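The structure appears below as structure tokens.
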Amino acid sequence: MINTTNKVSLRQYNTFGIDATAKELIICNTIESIQEALSYLNNNPQPYLVLGGGSNILFRNDFDGIVIHPCLTEIELIKEDEKNVWLEAGAGVEWDELVKYSVDHNWYGLENLSYIPGNVGASPVQNIGAYGVEAKDTIVSVKGFYIADASRFELSNEECCFSYRQSIFKSKLRNKTVISSVIFKLNKTESYTLNYGHVKEELEKRGKLSLNNVRQTIIDIRKSKLPEPEELGNAGSFFKNPVIDLEHFKKLQSNYESIPNYPVESKHVKVPAGWLIEQSGWKGKAIGDAAVHNKQALVLVNKGNASGQDIIDLAQQIINDVCEKFGITIEPEVNII
């Protein structure tokens, strides 16, 4: 039997700490319980939401429907050869636990994604990324169920249609699947990505180049910029870093010589949204309990009693000001429900 709870607060299920209420919550600890939950949903049609670690979600209001919470937490080595290992991680595994597991085993590929909040099941949806690495770089395939008929699927990396903070799970298959596990391919041979941000500079302070030192450097950098959700409700980076055409960038650069940038390809450049927001005067500002973090302008925080709408209103004002100043429309990375 599935475990259902009625009229339950979702505060502990979202890192923003928004006290939204769900009509029903179903916790799924096994593959079979996911199938049972989908059968129950299809026999009782109503709004539904698949909710993992809640690290990239913002509730605007209460949710008048069923919330399905997958909690599969196994990590299994399913294959290996001389150069690589293949891991299958359940959707309910905490993302940083998977990164730690791989680093502890001297497997390379996930270390730059250390300390990102949330669960494994969200990693392909968002194509999470940090410091020059994205989840798509290591994902082999994604397993799960189609909600409409509870049938199983396994989509290859190519079939997931990954792009910057985007995947088929946010487009064609948005709200149509439950992810049960993800298969990753990691390297046994030493390899690093160190040319993004201040990673190399900070790593040199630790001396020896090692997998564990790279992980600890990433963790330290993130801790210095990002608040702990237990202390200040947040969902990490609230906005995507915008990609603009080269001509637009050169015009901006003529007025802002120090504007940071990362080439995407010959005709486009990625500009840090946090820099745009800070230059627009929003860093550290608050409207009630909705605020911009004082160390990282890319992060919006709940200082205690902000509603989802409070956060959304703050975000819209930031979007308007950045557009007016730079002619760039920044977009939320967070999913607004």
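The spacing between the range 1-26 and the range 302-333, judged by their C-alpha centroids, is 26 Å.
Roughly how many debye, to the nearest 20, is the charge dipole of the range 88-205 about its Cα centre, given +1 on each Lys and Arg Cβ, -1 on each Asp and Glu Cβ, and no other charges?
500
Springs join every pair of Cα atoms under 10 Å in this Gaussian network model of the chain, and among L226, L25, L209 the largest mean-square fluctuation is at L209. Counting every other Cβ atom within 10 Å of each residue's Cβ, T21, T177, T5 order from fewest to most as T5, T21, T177.
Measuring between alpha carbons in the structure, the pairs from K251/K285; K143/K176; K7/K283; K136/K283; K143/K185; K100/K205 lying more than 25 angstrom apart are K251/K285; K7/K283; K136/K283.
When DSSP beta bridges are restricted to pairs lying wholly in the range 1-140, around 60% turn out antiparallel.
Order these peptides, 135-143, 200-208, by their mean beta-carbon neighbour count within 10 angstrom, highest first.
Packing proxy ranking, top to bottom: 135-143, 200-208.
Reducing the range 92-145 and the range 273-287 to their Cα centroids gives an inter-centroid distance of 29 Å. Around the amide H of K79, modelled in the peptide plane, lie the amide H atoms of W86, all under 5 Å away and 5 or more residues distant in sequence or on another chain.
On a C-alpha basis, how far is the centre of the range 173-236 from the centre of the range 48-91 in Å? Whole number, if you could? Between the Cα centre of the range 173-236 and that of the range 48-91, the gap is 18 Å. Among W95, H69, S151, whose Cα lies farthest out toward the positive end of the dipole of the range 60-157, if unit charges sit on the beta carbon of Lys, Arg (+1) and Asp, Glu (-1)? Going by the charge dipole, the pick is S151. When you restrict to C-alpha pairs under 8 Å that are six or more residues apart and normalise by the size of the chain, the relative contact order lands at 16 percent.
By the helix-only formula, in which each DSSP H run with n ≥ 4 contributes -39500 (n - 2.57) and the sum is divided by residues, the chain has a 222 nm mean residue ellipticity of -7500 deg cm²/dmol.
Every number here is computed from the coordinates shown, using simple stated rules; none is lab data. Just so you know, these numbers come straight off a predicted model, no measurement behind them. Positions of Cβ are backbone-derived with ideal geometry, glycine not excepted, and every protein chain shown enters the neighbour counts.
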